[in-house]
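Worksheet: one structure, shown below.
The values are calculated or read from the model by the stated rules, or taken from the named source; none is laboratory data. All figures in this text were calculated on a predicted structure; none of them were measured in a lab. Here the Cβ is made from the backbone with ideal geometry for all residues, glycine too, and neighbour counts use every protein chain on show.
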Amino acid sequence: MGNSFTAGLNNRFGSNITHVANARSEPVWVCFHTTELQPEAIKAAFKAGKETEASIEGNWKYVTQDGLVKIPPDDFHQKHRNTAWERMTIIGHDGQPLVINYQIPANHSYIIAKSGALKRQAYGCSNLFKDAHGVDHSK
């Protein structure tokens, strides 16, 4: 009960911000959504390794109407949210999904590591590239 109670208070009275930092050397695209996306639809919308920035953004409409946000290398995106739980899908620069339907609770933030792995950010840290284990992914 504690987690849902805290999440409810956060959503009603506090801020609910999620940061996604991109430690990769190429851009990624992130989508926040409340409904589960179909992995088959994502894979069908993109041709493996043949995507351009324009085709990634253009083909996304075949997956969902939820927006897609580009995060340049060594940059981050700040998302103000109003739900306790959302899902996050991340698409790499080649159109291939790095993360599909990852459930994120209120006030949790993440790093896309150089390898493409998703890491939880250190809570309350001013360095958005430092993970929960103290590893700085900006280096």
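Miscellaneous remarks
- Restricted to segment 34-62, and to residues there that are touching a strand residue (DSSP E or B) at 6+ places or on another chain (Cβ under 8 Å) and surrounded by 17 or more Cβ atoms within 10 Å (Cβ to Cβ), the residue that is modelled with the highest pLDDT is Leu37.
- Subset of segment 92-110 that is within 10 Å of Trp29 (Cα to Cα) and small (Gly, Ala, Ser) - its residue that is modelled with the highest pLDDT: Gly92
- Some residue of segment 70-82 being out of contact with any Asp or Glu (no Cβ under 9 Å at 6 or more places or on another chain) and modelled with pLDDT under 85: yes
- Selection status of Thr89, in a loop (DSSP other than H, G, I, E, B) and closer than 16 Å to Cys31 by Cβ: no
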